[in-house]
Amino acid sequence: QVQLEESGGGLVQAGGSLRLSCAGSGLTFSTNTMAWFRQAPGKERELVAGISASGGSTYYPDSVKGRFTISRDSAKNTVFLRMNSLGVEDTAVYYCAASSGGGLSVSGRDYWGRGSRVTVSS
């Protein structure tokens, strides 16, 4: 059974940092595109970071570019999201997702974690 589990979320003050982790079982990270998404109340789920199966390429939207960094340790089936300079606008539930195919769309993900809540206070 495939499982993805996020950890590392919590409450942080504006300007602070958090590092989220996603541990997987039942699938091989080295053959999966991995990504982080977030969903705030009343908003659609949005991509915040993606990394190719090989780890050779990454993608970030303008909203987080320069502040967030995605990385992976495929040998340990783990992907990370380092978040710096957090602001209130970053408050959301953050989800880890995997797909054997290319692309980074929400609908294209094969598996999702349960999410980890990040709350940034002013």
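The values are calculated or read from the model by the stated rules, or taken from the named source; none is laboratory data. Since this is a predicted model, take the numbers as computed values, not measurements. Glycine also receives a Cβ, built like all others from the backbone with ideal geometry; neighbour counts cover every protein chain displayed. To get the accessible areas, we keep the full protein, side chains included, count just its heavy atoms, and leave off ligands, DNA and RNA. Shrake-Rupley method; radii C 1.70, N 1.55, O 1.52, S 1.80 Å.
Computed quantities for the displayed model
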quantity	calculated
Hits in segment 87-122 (condition: part of a strand (DSSP E or B) and either among the hydroxyl-bearing types (Ser, Thr, Tyr) or within 21 Å of ALA53 (Cβ to Cβ) (or both))	TYR94, TYR95, CYS96, ALA97, ALA98, SER99, TYR111, TRP112, SER116, THR119, SER121
Segment 89-117: number of residues that are surrounded by fewer than 16 Cβ atoms within 10 Å (Cβ to Cβ), in contact with a Phe, Trp or Tyr (Cβ under 9 Å, 6 or more places away or on another chain) and closer than 17 Å to PRO61 by Cβ	1
Count of residues meeting criterion [in contact with an Asp or Glu (Cβ under 9 Å, 6 or more places away or on another chain) and open to solvent by less than 30 Å² (accessible area, probe 1.4 Å)] in segment 49-64	2
Some residue of segment 77-88 being surrounded by fewer than 18 Cβ atoms within 10 Å (Cβ to Cβ), closer than 20 Å to SER21 by Cβ and touching a helix residue (DSSP H, G or I) at 6+ places or on another chain (Cβ under 8 Å)	yes
Within segment 22-43, considering residues that are open to solvent by 30 Å² or more (accessible area, probe 1.4 Å) and either polar (S, T, N, Q) or within 15 Å of the chain's Cα centre (by Cα) (or both), the one farthest from VAL79 (Cα to Cα)	GLN39
Some residue of segment 13-21 being modelled with pLDDT under 95, out of contact with any Phe, Trp or Tyr (no Cβ under 8 Å at 6 or more places or on another chain) and either open to solvent by 60 Å² or more (accessible area, probe 1.4 Å) or at positive phi (or both)	no
Any hit, segment 78-88, residues being more than 20 Å from VAL120 (Cα to Cα) and without any contact (Cβ under 8 Å) to a residue 60 or more places away in the chain	yes
Residue ranges of strands (runs of 3 or more DSSP E) in segment 5-86 with at least 2 members over 17 Å from GLY103 (Cβ atoms)	10-13, 18-25, 33-39, 68-73, 78-83
Every residue from segment 47-67 that is in contact with a Lys or Arg (Cβ under 7 Å, 6 or more places away or on another chain) and in contact (Cβ under 8 Å) with a residue 24 or more places away in the chain	VAL48, ILE51
ARG19 being under 15 Å from the mean Cα position of the chain (by Cα), basic (Lys, Arg) and under 13 Å from ARG82 (Cα atoms)	yes
